[in-house]
1. For the peptides 82-93, 319-330, what is the packing order when you average, over each peptide's residues, the other Cβ atoms within 10 Å and list the highest mean first?
2. In whole Å, what three semi-axes, largest first, describe the equivalent ellipsoid of the chain built from its Cα gyration tensor (square root of 5 times each eigenvalue)?
3. Length gain on complete extension for the stretch D274 to L430, per 0.36 nm per residue less the alpha carbon to alpha carbon distance?
4. Sorted by average packing, counted as other Cβ atoms within 10 angstrom per residue and highest first, what order do 168-174, 23-29, 337-343 take?
5. Taking Rh as the Kirkwood radius, which is the inverse of the mean 1/r over Cα pairs, what is the Rg/Rh value for segment 53-126?
6. Assigning unit charges at the beta carbon (Lys, Arg +1; Asp, Glu -1) and nothing else, what dipole magnitude in debye, to the nearest 20, does the chain show about its Cα centre?
7. Taking the dipole about the Cα centre of segment 186-325, with the C-beta of Lys and Arg at +1 and of Asp and Glu at -1, give me whichever of T186, G301, T259 is farthest to the positive side.
8. Going out from 0 in 10 Å bins, what whole percent of all Cα-Cα distances in segment 389-431 drops into each bin?
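Derivation of every value follows stated rules applied to the coordinates shown; laboratory data play no part. Quick caveat: nothing in here was measured; it's all calculated off a predicted structure. Cβ coordinates were reconstructed from backbone atoms using ideal geometry, including for glycine residues, and neighbour counts include every protein chain displayed.
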Amino acid sequence: MGFVLSILYLVTSYLTPATVFGPLAAVHVEIILAVLVTLVSLPALSKSIILKTPQSLALIGLSLAMFMSVLVAIRWPGGAVQTLLQFIPSAFAYYLVCLHCNSKRKLQFLVLMLLFVCLFVIANGYIELLNNEPASASPQAVAMSSHYTLAMKNDAHEWFYRIKGLGEIDDPNDFAQLIVCVIPLTFFFWRPKKIFWNIAFVLLPVCALLYGVYLTHSRGALLALMAMAVVAGRRRIGTIPSVLLAGGLFAGAMALNFTGGRDISTASGADRTDLWSESMELLKANPLFGIGNGSLPDYIGHTAHNSVAVCAAELGLFGLYFWSLFLFPTLRAALEVASPAKVSEGEPMVAEEGRFPQTTQKIEAIDKADINHLGRLVVLSFTGYLVTGWFLSRAFAMTLFLLGGIAEVVYEMALQRGMIAPRLRLARALYYAGAFTISLVLLMYVMLRTLNLMR
């Protein structure tokens, strides 16, 4: 029951209550669903991995950072509570995945849910594109009336259309970020030597997702796909060939008008880097709690389009530290389960007998190759998230916390079977998170200084 309610909660979060429940959305069915899944999840809490991971502490710290940022910087207690309530539903995804998606089969159902969300939006966006040709309606009218498309101008001041989602993904770039994260996860369904299965249930859905990325015309998503191609290819064909392959794919994508007529260059991104620079200046002026969550547009006229810059400016070093405390152990877990050198063959798990013979719990058969395969796919998914996140203000997106839960579940599967070393102790995780925080700030300053010298 908890797993089914968790999947329903996540679908509702991505597609909005109105899309999933129709008229019932008026009674705030999403709140009712959240309460139900919380109550159902309580019995599983003591046996889950939630209390063992630094990420749980990180999410509590992030909640406090968001509350304090508004309370201290804006001096608005009501706004601080509102900010906290907006953050909790996204962070809740991490706990639900850790609590209920504790096997490969359940992870596959979770990926199937994400795949359904992406294909649902792509199909609706494509239908709207067919019905909203430029000749039949003004772009301004289409932009205001369409649910799954957005009209905008490219560098040549020509109108073009981009598909988008609703709710969590109500922006073409946000939707593109979700798609590039789901593409590697679709290979959770890959079966060696099953050609027809792999074509029908992996390759065809991936082709549909790639077409969906094209319809978003997201430049960040294109760069993410190139980065994922390099990371995926370097293991099989080497780093240099994979970089050359990614470069060829990039050239082909630009020739096919992947970005909708918008350039990808240092000059075209000058406005964006100016926003990053202004955000870091705000961090200097408000180093502890920042300027308040969601307040960046009030200071610089726009959001910064960089997850690190937005987190640092709005939540200060206090918030950036807890964001790093979530991200660093998650990336470490994903990289370790992806590494053949870190994962051993392990010991077979013994089935737990219930009070009656017929209640004996069946143990899922997973070997080292399975764990490494899942780990590599999670690393690729995080590659897509981080590259797109470098150009988006999505530091607190539900997708991040959902991926974090998946990484920890895969790590726990390896840990239970004696395949991998225990998790970092909390004290070391706290220390490394501090070093990671400093590294992120220094990276931003060095990058901005370099870009300024290149102008």
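1. Highest mean packing first, the order is 319-330, 82-93.
2. Value: 33, 27, 25 Å, ordered largest first.
3. 53.0 nm
4. In descending order of packing, they fall as 168-174, 337-343, 23-29.
5. Values: Rg = 16.9 Å, Rh = 14.7 Å.
Over the Cα atoms of segment 53-126, Rg/Rh equals 1.15.
6. Rounded to the nearest 20 debye, it is 1240 debye.
7. Going by the Cα projections, it comes out as T186.
8. 24, 34, 33, 9
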